[in-house]
1. Collect the residues in the stretch 104-135 that are acidic (Asp, Glu) and over 21 Å from the mean Cα position of the chain (by Cα), keeping them in residue-number order.
2. When you scan the stretch 229-310 for helices (runs of 4 or more DSSP H) that lie fully inside it, which ones turn up with 2 or more residues that are open to solvent by 40 Å² or more (accessible area, probe 1.4 Å) and touching a helix residue (DSSP H, G or I) at 6+ places or on another chain (Cβ under 7 Å)?
3. Take Ala198 and decide whether it is part of a helix (DSSP H, G or I) and either buried (at least 20 other Cβ atoms within 10 Å of the Cβ) or under 19 Å from the mean Cα position of the chain (by Cα) (or both).
4. I'm trying to understand the selection: among the residues of the stretch 201-215, which are loosely packed, with under 15 Cβ neighbours inside 10 Å and either in contact with a Ser or Thr (Cβ under 7 Å, 6 or more places away or on another chain) or at pLDDT below 95 (or both)?
5. Take Arg312 and decide whether it is modelled with pLDDT under 95 and within 18 Å of Asn182 (Cα to Cα).
6. List every residue pair whose Cβ atoms sit under 6 Å apart, with the two residues 6 or more apart in sequence or on different chains, where the first one lies in the stretch 262-287 and is without any contact (Cβ under 8 Å) to a residue 40 or more places away in the chain and within 22 Å of Lys29 (Cβ to Cβ) and the second, anywhere, is open to solvent by 20 Å² or more (accessible area, probe 1.4 Å) and not in a helix (DSSP H, G or I).
7. Within the stretch 112-166, work out how many residues are under 19 Å from Glu303 (Cα atoms) and touching a Pro at 6+ places or on another chain (Cβ under 6 Å).
8. Taking the stretch 238-259 only, how many residues are over 19 Å from Phe290 (Cβ atoms) and at pLDDT 95 or above?
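The values are calculated or read from the model by the stated rules, or taken from the named source; none is laboratory data. Since the model is a prediction, treat every value here as computed from it, not as a measurement. Cβ sites come from the backbone with ideal geometry, for glycine too, and all protein chains shown count toward neighbours. We work out accessible area using only protein heavy atoms, side chains counted, and drop any ligands, DNA or RNA first. Shrake-Rupley method; radii C 1.70, N 1.55, O 1.52, S 1.80 Å.
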Amino acid sequence: MTATGSGANRSMETSLPVAERPRRPEWMKVRAPSADSRYFDVKKLIHGQNLHTICEEARCPNIGECWGRGTATFQILGDTCTRACRYCYVHSGRPDSPPDPLEPLRLANVAAQMELQHVVVTSVDRDDVPDRGAGHYAATIRALKAKLPQASVEVLTPDFLDVEEDALQTVIGARPDVFNHNIETVRRLHARMRGAKASYDKALCLLQRAKEIAAYPLLTKSGIIVGLGETNDEVVETMRDLRAHGVDVVTIGQYLQPSSKHVQIDRWVHPDEFRWFREQGEALGFGSVFSGPLVRSSYRADEQRHAAETGRGAVAY
């Protein structure tokens, strides 16, 4: 099936079913890291300070481009996630150690050496920690703001299961510039892809509540991955739900199956469809829409923030 949905323009190119096109189409091809880029310097610096990045842990296809530009998305709270989402490559299991109290300082020092103007920090889920890692997020934000006072800080958080209000008070109290929590997929597929602990409606409420708690202008953001079995109309409905909860920025990108143990790709979404998503998001009033086959939640996050704050609007890649 093409899963185009009744609302899409029938004249545009539509999805390629993976059963008919198992290999990646041309628009999903990425270049290897260039020898004259900053890729290897970034890799050496991050590994030398015993830090993790979602770029590596989730096998992001854009790692060559982003590290080559001298940017990276840091992953705090270790490398083991207490959840096991069906689409995610990050190692799951039982973490063997508590959060490292020195990690925020190491991360801030590396961000300063990289001369970052916008720092993105995400994490694994830590359901084993009483505050679900909220205090560690706050410590990381504070360390970054002390070391890089001119830089903006974006956090991409887990759902803080069962301690949402306290966790948000802690994280927002450290004053991040962007609060991101990914909805990931449409309502119909959410429980199947994310597991019983996750909740579509709680994810929406978390994003809304973050903005309500903040006593300053806070950008909120969420991401959707496509190719999991959703229709295009369901993607638009998810965007509509996000806007109804005050979300400013949305990212939409193609799912890539990281291993044979993960859920299979349903379709290769055509670039024309990503452009259509962008148009729908712009009509819904998002400050910024980054929609494209290789877009990920933190892809060119500095540009996403700038687009939303300056009214540049929707962008497609």
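1. The initial filter retains those residues of the stretch 104-135 that are acidic (Asp, Glu), namely 115, 125, 127-128, 131.
Hits for the stretch 104-135 are Glu115, Asp128, Asp131.
2. Numbers: elements: 232-244, 271-284, 301-310.
Passing ranges, in order: 232-244, 271-284.
3. Working: part of a helix (DSSP H, G or I): no; either buried (at least 20 other Cβ atoms within 10 Å of the Cβ) or under 19 Å from the mean Cα position of the chain (by Cα) (or both): yes.
No, not satisfied.
4. Once the filter is applied, which keeps residues that are loosely packed, with under 15 Cβ neighbours inside 10 Å and either in contact with a Ser or Thr (Cβ under 7 Å, 6 or more places away or on another chain) or at pLDDT below 95 (or both), the stretch 201-215 yields only Ala215.
5. Numbers: modelled with pLDDT under 95: yes; within 18 Å of Asn182 (Cα to Cα): no.
For Arg312, the condition - modelled with pLDDT under 95 and within 18 Å of Asn182 (Cα to Cα) - is not met.
6. Partner pairs satisfying both residue conditions: Arg278/Ala314; Arg278/Ala316.
7. Result for the stretch 112-166: 2.
8. Initial filter on the stretch 238-259 (over 19 Å from Phe290 (Cβ atoms)): 244, 257-259.
Now narrow it down to the ones that are at pLDDT 95 or above: 244.
Residues flagged as over 19 Å from Phe290 (Cβ atoms) and at pLDDT 95 or above within the stretch 238-259 amount to 1.
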